[in-house]
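Structure, as structure tokens:
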Amino acid sequence: MVMDSSTAVYDARQVLGETQELIAPALQAAVAGLPVSTRDLVEYHFGWRDTDDAASTIVVGGKMVRATLAVLACQAVGGSARQAIEVALAVELVHNASLIHDDIIDGDVLRRHRPTVWATFGIPAAILAGDALFFLANHLLANAPPLVGSVGGAWLNEAGQSLVAGEYVDSVLPDHPEVTMAEAVAVAEAKTGALIGVACALGALAGGADPAWAGRLRVVGQHLGLAFQLVDDLLGIWGPADRTGKPERSDLRSRKRSLPVVAALTSQGPAAHDLARLYQRAAPLDQRAAPLDEHELPVAAGLVDSAGGRAWAHQQAEQHLTAALAALHCDGLAPAAVAKLTTLAQFITHRDH
């Protein structure tokens, strides 16, 4: 394998594994500093602890895509992987905080092939576990080098506010029968694009980049964030449970207005009209419509596909991948890091879990 050429070919598992090897021990050490009440909840979320308080054999909780992007962005501007540890940890903590809270909002009882925090310990405990991770992320950045701590902290908090705003809108969209494509894309930009974008910008900042280079890498991340969300939405409908760790068609069950669904609903064809009727089934006064049942789920998935939502989402993901790579491949960035970022970008867009 050639390590210093922009034409080098890397395996995505290796690229992610390198960051996991670097970040996982630091993540475990950071979490170990939490008060025991929230620490046990967080360790359970990451898969390091079972419900009987026994230690788990799992070392890495999740793929650490955002942390890896931060590390590679740092290396792309000439920094070392170790310079990115604090920012990589911070974005990973914020991301996982959002997952814990998102599971509550969506009522999801499974994540990473095991019961979610709220389903195991209750909603109050899960809310507090997520809060603990948000504060821990800010604590880590406060102890980073001055520029990274001050500017980077502000950037991360802005992305966090965007994430929260996006999650709120996403949570109320099922109650709104008329959702435009622009509104659905704006939600994806807010809840996913912002954090993945800032992961790249923070990595560049940690590596000593000026604001212009950090901004360029933020654009790369924003496009990858949209590609990530598009694929996530596809997996939320057609992803196999043994790969995603979640029940099949979980997004359809809750009538989520995900990107493929909105694309299908706005296509104006017969399948779009049938899908709209299914999604807008009457509900009791002052109550949200019931989840789709086991008979309706495959029907809804077929209608989204027939109305073009599936093909549209695949096409859009590829377009955002192309835009991200166009912004990434330029003079001035370290070729080996660019090659790894390219591999990771392709993994994000073509993954099956």
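Annotations for the structure displayed:
- Taking the numbered list (1) surrounded by fewer than 23 Cβ atoms within 10 Å (Cβ to Cβ); (2) closer than 28 Å to R112 by Cβ; (3) not aromatic (F, W, Y) in turn, G221 passes all entries but (1).
- For the criterion of being part of a helix (DSSP H, G or I), more than 30 Å from W213 (Cα to Cα) and among the acidic types (D, E), D108 fails.
- Annotation: of all residues in region 302-353 being among the acidic types (D, E) and assigned to a helix (DSSP H, G or I), the one that is surrounded by the fewest Cβ atoms within 10 Å (Cβ to Cβ) is E318.
- Sole residue being in contact with a Ser or Thr (Cβ under 9 Å, 6 or more places away or on another chain) and surrounded by 21 or more Cβ atoms within 10 Å (Cβ to Cβ), chosen from L156, L195, L202: L195
- Restricting region 180-239 to residues that are among the small types (G, A, S) and at pLDDT below 95, the residue that is farthest from the chain's Cα centre (by Cα) is A212.
- Qualifying positions in region 118-146 - small (G, A, S) and at pLDDT 95 or above: A119, G122, A125, A126, A129, G130, A132, A137
- A165 being closer than 22 Å to L328 by Cβ and modelled with pLDDT of 95 or more: no
The values are calculated or read from the model by the stated rules, or taken from the named source; none is laboratory data. Being a predicted model, the structure only gives us computed values, none of them experimental. Here the Cβ is made from the backbone with ideal geometry for all residues, glycine too, and neighbour counts use every protein chain on show.
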